Every structure is written in C-alpha cells, then in structure tokens.
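The values are calculated or read from the model by the stated rules, or taken from the named source; none is laboratory data. Note that this is a predicted model, so its numbers are computed, not measured. As a convention, Cβ positions derive from the backbone with ideal geometry for all residues, glycine included, and neighbour counts pool all protein chains shown.
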Amino acid sequence: MYFFELISYFLLLNFIHSLPVQNSTNGDVSACLKAFYKAAYRGEYNCTESFDFFQVVPAFQQAGFTSHKSCFLEVAKEECSIAQYNLLSTKYQDFLNVLTTVPPSVTPCSDSYFKYNALKCGPMMDELSHRTIDINSVAAKINDTKILEMIELCDKIEACISPVCYSSENQRKSLQEISNGVKLRNTEFAVCISKIERQSPDLSEYTCLDGIDFNTDDRKMQIELYTVKKVCAKRIMKDFCGERAVENFENDVETCLKNLMKLYKTASALNES
C-alpha cells in the first residue's frame, strides 16, 4: 500500500544504531558486547537460551551475567577480537560492575553504563528493519499476524530505548512514527484503502477529485488527496467501505500524512543529491 511504506525513513533510524563500534583495548568492550547481544538475540548459541541476557533490572542482570559467565565468555571467544576477549575474561567482574551499576543522575550519556546497555536495543532494531521490508508487501488486514508481531516489536523497542541516554529524541520520535504507521495498518481505514487500491473502481463520478487519481503513486498528489481533497477522499471511502472505515478519519489521515511527508522529503532529498 502506497502510503504505508516505512523503509526509507526507518533506514535512517536504523543506520544510527548500526554504526560500526570500534574494537578497543582501553577497557571499552562495546564492539564485543554488540556482537554478543546480536548472537544472543538470534539464538545462535544454545547456552544463551537459559537466561534472558536482555534483562533491564540491574539486580537480575548482575545475577544472570554472574551465573552465566561461562556462556557469555563462550560466545565472546567466538564473536569478539582476541584482545577484547582477553580483557573480558580477566576483568569480567569489572565489566559487570560497569554494565549493572546505575550511575548518579548527573552522569553524562557518554558513560559506559549507558553505552553498554543501549546496545541491547540494536538487535531488535535490526529485526524491525527486516520485518519492515516484509510488511510493505502485505495487504492491510485486521489482526494480520505479521502486523500484530510488528506492533509488539515496536512496543518492545520503544521500551528499550526509552531511557534518555539510550537514544536521541529524534530516534524516539522516528520510532513512534513508524509504530503509528504499523498500527494504522491494523485499522478499517487501511483495509479500505487497500480494497480501493486492489479493486481500482471507476471513480469518475466523484468530480470532487478534480482529476486526481485516488490510487496515484505520485507522492505530491497523494498528499493533496489527504489535505485539499480530504473531504472527497472521506466520502469515497465511506461509500465503498462503510462508516467504520472513516470512524477515526482525522487521526488516521494525520498519521498517513506524516508518513507521506517523510517519504516525499526523503525522495526529494535523494533527487537533489
């Protein structure tokens, strides 16, 4: 469905979280921890299944990483540089203290505690990136399994990056827009748009469109349809799909327009570059 494309502006959000973390021997084990979380999230090692390494409660995190030290180091030995593995294996408790000890409120966001714990969110965002590609080919349908799974994943990521130092305001805002866009697909509004797009009915009797194609792929024209021709669009949707399709029309159109504007601006910027 044309206005539910999420890929272009999600990639920007995902890119920020996917920037390479440099290997270091000065005590910073971000690169190793990032690789560990990725492997644990994907279940690439059997030992990671016995404990939730993505715990957010420091006390549980401390206990789990302590009792599952051998598992962590097993994964680190395979996924990390020799230097970082050696550092972790010899100073594991120091690493654990940094990872699980909440610093004072005045601590800057550059502190290792925030840096390390924010890495937990990366694998979820990678998954969202892949699922976003899949969802763009799925026709809107109420309670579609893929849509519901995406909604759940968005909620998990929102919770993960909610601490101020785990992400920027722009990242949180972008994720909220993505989440709203996904949730919009689970509405009668979206189902109606999909129906009209699929059936491509003759809309020539709706002179209020003034020549605009309801199913146009032109971003600028799509924006005009849901702004200048909004009343006309609502009438068409109500006629073809019934009252339920337009019950939350204003809110649904607002979400739709935010998506369209993102896509339009992104396309314009790419064309100018």
* Structure fact -> When region 31-83 is checked residue by residue, the ones that are among the polar types (S, T, N, Q), over 24 Å from Ile161 (Cα atoms) and buried (at least 16 other Cβ atoms within 10 Å of the Cβ) are Ser81
* Asked: Out of all the residues in region 230-252, is one or more of a type in the set (Gly, Ala, Ser), under 18 Å from Ala140 (Cα atoms), modelled with pLDDT of 95 or more and in contact with a Lys or Arg (Cβ under 8 Å, 6 or more places away or on another chain)?
  -> yes
* Structure fact -> Note on region 214-251: residues in a helix (DSSP H, G or I) and aliphatic (A, V, I, L, M) are Met221, Ile223, Leu225, Val231, Ala233, Ile236, Met237, Ala245, Val246
* Structure fact -> Going through (1) in contact with a Pro (Cβ under 9 Å, 6 or more places away or on another chain); (2) part of a loop (DSSP other than H, G, I, E, B) one by one, Thr107 fails only at (1)
* Structure fact -> Pairs returned, first residue in region 155-176 that is free of Cβ contacts under 8 Å to residues at least 24 places away in the same chain, second residue that is buried (at least 17 other Cβ atoms within 10 Å of the Cβ), beta-carbon separation under 7 angstrom, 6 or more apart or interchain, are Glu158/Leu175; Glu158/Ser179; Arg172/Ile161
* To do: Taking the options Arg244, Arg219, name whichever one is surrounded by 13 or more Cβ atoms within 10 Å (Cβ to Cβ), in contact (Cβ under 8 Å) with a residue 40 or more places away in the chain, of a type in the set (D, E, K, R) and touching an Asp or Glu at 6+ places or on another chain (Cβ under 8 Å).
  => Arg244
* To do: For Ala140, indicate whether it is exposed (fewer than 15 other Cβ atoms within 10 Å of the Cβ) and among the aliphatic types (A, V, I, L, M).
  => no
* **Neighbours by Cβ (under 8 Å, 6+ apart or cross-chain): first from region 46-69, under 17 Å from Val98 (Cβ atoms); second loosely packed, with under 14 Cβ neighbours inside 10 Å and at pLDDT below 95** => Pro58/Thr101; Pro58/Val102; Gly64/Asp52
* Asked: Is it fair to say Arg131 is in the same structural domain as Lys262 (by TED's automatic domain parsing), more than 25 Å from Cys241 (Cβ to Cβ), outside any loop (DSSP other than H, G, I, E, B) and under 12 Å from the mean Cα position of the chain (by Cα)?
  -> no
* Structure fact -> When every residue in region 199-213 that is surrounded by 12 or more Cβ atoms within 10 Å (Cβ to Cβ) and in a helix (DSSP H, G or I) is compared, the one farthest from the chain's Cα centre (by Cα) is Cys208
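Free of Cβ contacts under 8 Å to residues at least 24 places away in the same chain and in the same structural domain as Ser30 (by TED's automatic domain parsing): does that describe Gln93?
yes
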* Thr107 passes all but one of (1) assigned by TED's automatic domain parsing to the domain that holds Val29; (2) at positive phi; which number fails? -> (2)
* Structure fact -> Across (1) under 23 Å from the mean Cα position of the chain (by Cα); (2) within 25 Å of Glu149 (Cβ to Cβ), Asn248 clears everything bar (1)
* Asked: Within the group Asn180, Asn143, Asn170, which residue is over 19 Å from Asp52 (Cα atoms), outside the structural domain of Thr66 (by TED's automatic domain parsing) and not in a helix (DSSP H, G or I)?
  -> Asn143
* Asked: With respect to Lys146, is the statement that it is surrounded by fewer than 17 Cβ atoms within 10 Å (Cβ to Cβ) and more than 27 Å from Ala39 (Cα to Cα) true?
  -> no
